[in-house]
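Only one structure is covered here, and it is reproduced in the block below.
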Amino acid sequence: MDEDRLPPGLYIVATPIGNLGDLTPRAADVLRRADLVLAEDKRVTAKLLAHSGAKTRLANYNDHTNEAERARIVSQLGEQAIALVSDAGTPLISDPGYKLVRDARAAGHPVHTLPGPSAVIAALTLAGLPTDRFLFAGFLPSKAKARADAIAEIAGVRATLVFYESGPRLADALAALADGLGQREAAVSREISKFHEETVTGSLGELADRYADHPPKGEIVIIVGPPAERVAATDDELDAALDEALKRMSPSRAAAEVAAALNVPRKRTYARALELSK
């Protein structure tokens, strides 16, 4: 066997999220020695391969890859070393690579990961907010009701929250987060590791106002601090909050909003909301 060839299997390769200098030596070596590199966008990855001196064959693997094509790729893993990359950062984070990993393991093929850049982790280090417990929630829905419902689902999670977002949608997302979570501390990080890297901190409302008329460019991560500790609400406080919320929304949404705001178990809040709405 050619000693310069990699052992067959699937190699999950993290790639730079901005500065190409962040590509690890091991990642560059695997990209050069692999038989095939699977990329979200071959045009983007071609630039990375040129930077690392790799001349490896490229093929697409993205949201449009069907089961038959995935099965064909898996069938090659017994004889070929195949590297999986995303356009930027660590594969499988908000992309479809987990299905390929799942199927490769089920077929008995080795799966290796090459750790490296991740916008989620990088943004957490920049935000100055608690990192001992965090929840990555990906992209919020674009439609207002679906977005509000998604925020309500995680409002009571006692952890720092992490979201991906785009520039044109940023102000609306921040305003929705402020409505659903209150004025929590937050940070907006963009263009991480690039020349125009920027992290802005403040309350969710302050950040929504900042970007309302000036949508930023680049890749964006929103970091939201955990809910503040507070004493559990009394029955009178719970009823008053529910009475106000029920004027604006359904019992289920009112319960979610009030449970998050008052640090009250949602089951108790929903039961009381049903009673008050009758």
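The values are calculated or read from the model by the stated rules, or taken from the named source; none is laboratory data. Small disclaimer: the values here were computed from a predicted structure and weren't measured. Glycine also receives a Cβ, built like all others from the backbone with ideal geometry; neighbour counts cover every protein chain displayed.
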Restricting attention to the range 235-250, the residues that are assigned to a loop (DSSP other than H, G, I, E, B) and either under 15 Å from residue 271 (Cα atoms) or at pLDDT 95 or above (or both) number exactly 1
- Query: Does any residue of the range 203-225 turn out to be of a type in the set (Asp, Glu) and outside the structural domain of residue 153 (by TED's automatic domain parsing)?
  - Reply: no
Residues in the range 181-237 that are aliphatic (A, V, I, L, M) and over 22 Å from the mean Cα position of the chain (by Cα) total 5
Note on residue 131: of the conditions (1) part of a loop (DSSP other than H, G, I, E, B); (2) over 17 Å from the mean Cα position of the chain (by Cα); (3) at pLDDT 95 or above, unmet is (2)
When the range 155-185 is checked residue by residue, the ones that are of a type in the set (Val, Ile, Thr) and modelled with pLDDT under 95 are 157
Of 105, 133, 169, the only residue that is basic (Lys, Arg), surrounded by 15 or more Cβ atoms within 10 Å (Cβ to Cβ) and either closer than 20 Å to residue 203 by Cα or out of contact with any Leu (no Cβ under 7 Å at 6 or more places or on another chain) (or both) is 169
Checking 104, 127 in turn, the sole residue that is within 26 Å of residue 219 (Cβ to Cβ) and in contact (Cβ under 8 Å) with a residue 60 or more places away in the chain turns out to be 127
Picked from the range 23-63 (must be more than 13 Å from residue 87 (Cα to Cα) and among the hydroxyl-bearing types (Ser, Thr, Tyr)), the residue surrounded by the fewest Cβ atoms within 10 Å (Cβ to Cβ) is 24
Among the residues of the range 66-77, the number that are surrounded by fewer than 17 Cβ atoms within 10 Å (Cβ to Cβ) and within 21 Å of residue 31 (Cβ to Cβ) is 1
